[in-house]
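Student: Dropping a structure here in structure tokens format, bear with me for questions.
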Amino acid sequence: MYTPSKNVLGTFDDYLVIKIDKSKSLHLELEGSNAHHLTENLEAFVDDVVTGRIDRKKLRDIPSTIENLKKDIELNMGIIEERLTKSINHIEDTQKLLHQNQLDLSENLVACMDMVKRTGEASESVARTAHTIMKDT
């Protein structure tokens, strides 16, 4: 059976489902841009299975192995997503804390500058007073 199938990009890929009857000879006909390449690969694969270079038992185990891999990947993706979510939350908390620290620093700098200004004014006042006292004496 030769059937078109849509891939994730929305374009059509071709896939093949084949049942091999050992009592009959195998004849393949493929169409499409990669037909020649697919035919060569498929013939080589069938030859490897028939000659025993590919273990049929292991070949039968491939779907369950792939399913187990999918489950492992999903589990690991869940763990990674959870870790990323926690990290993002920590980054957001850190950004909020940094923002508050910057606001506090700005307020403290303004207060400090005001204190320096007042200290300067007080020093000038003391200097004028001292100058006046020295003049009068």
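Laboratory data are not the source of any read-out in this text; all were calculated from the coordinates shown. Small disclaimer: the values here were computed from a predicted structure and weren't measured. In this analysis, Cβ positions are derived from the backbone assuming ideal geometry, glycine residues included, and neighbour counts consider all displayed protein chains.
Student: Under the Karplus relation 6.51 cos²θ - 1.76 cosθ + 1.60, θ = phi - 60°, what is the ordered set of whole-Hz ³J(HN,Hα) values for region 42-57, x standing for Gly and Pro?
Tutor: Using θ = phi - 60°, the values come out as 5, 4, 5, 5, 4, 4, 5, 5, 5, 7, x, 5, 10, 6, 5, 4 Hz.
Student: Sum up the charges of everything whose Cβ sits under 13 Å from the Cβ of V110, counting Lys and Arg as +1 and Asp and Glu as -1, but leave V110 out.
Tutor: -1
Student: Taking the dipole about the Cα centre of region 48-135, with the C-beta of Lys and Arg at +1 and of Asp and Glu at -1, give me whichever of N89, T132, I79 is farthest to the positive side.
Tutor: The listed residue farthest towards the positive side: I79.
Student: Counting other beta carbons within 10 Å of each residue's own, what order do E29, E40 fall into, fewest first?
Tutor: Sorted ascending by nearby Cβ count, the order is E29, E40.
Student: Show me, for region 75-91, the HN-Hα J-couplings you get by feeding each phi into the Karplus relation (A = 6.51, B = -1.76, C = 1.60, θ = phi - 60°), rounded to Hz, glycine and proline as x.
Tutor: So the J values, rounded to whole Hz, are 4, 5, 5, x, 5, 5, 4, 4, 5, 5, 4, 4, 5, 4, 4, 5, 5.
Student: Under 13 Å from the Cβ of I80, count the other residues' Cβ atoms, weight Lys and Arg +1, Asp and Glu -1, and hand me the total.
Tutor: -2
Student: Suppose the chain between L59 and L75 were pulled fully straight at 0.36 nm per residue; how much longer would it get relative to their current alpha carbon spacing?
Tutor: Length difference between fully extended and current span is 3.3 nm.
Student: Set the Förster radius R0 to 41 Å, insert the Cβ-Cβ distance between D48 and K86 as r into 1/(1 + (r/R0)^6), and round the FRET efficiency to 0.05.
Tutor: It comes out at approximately 0.30.
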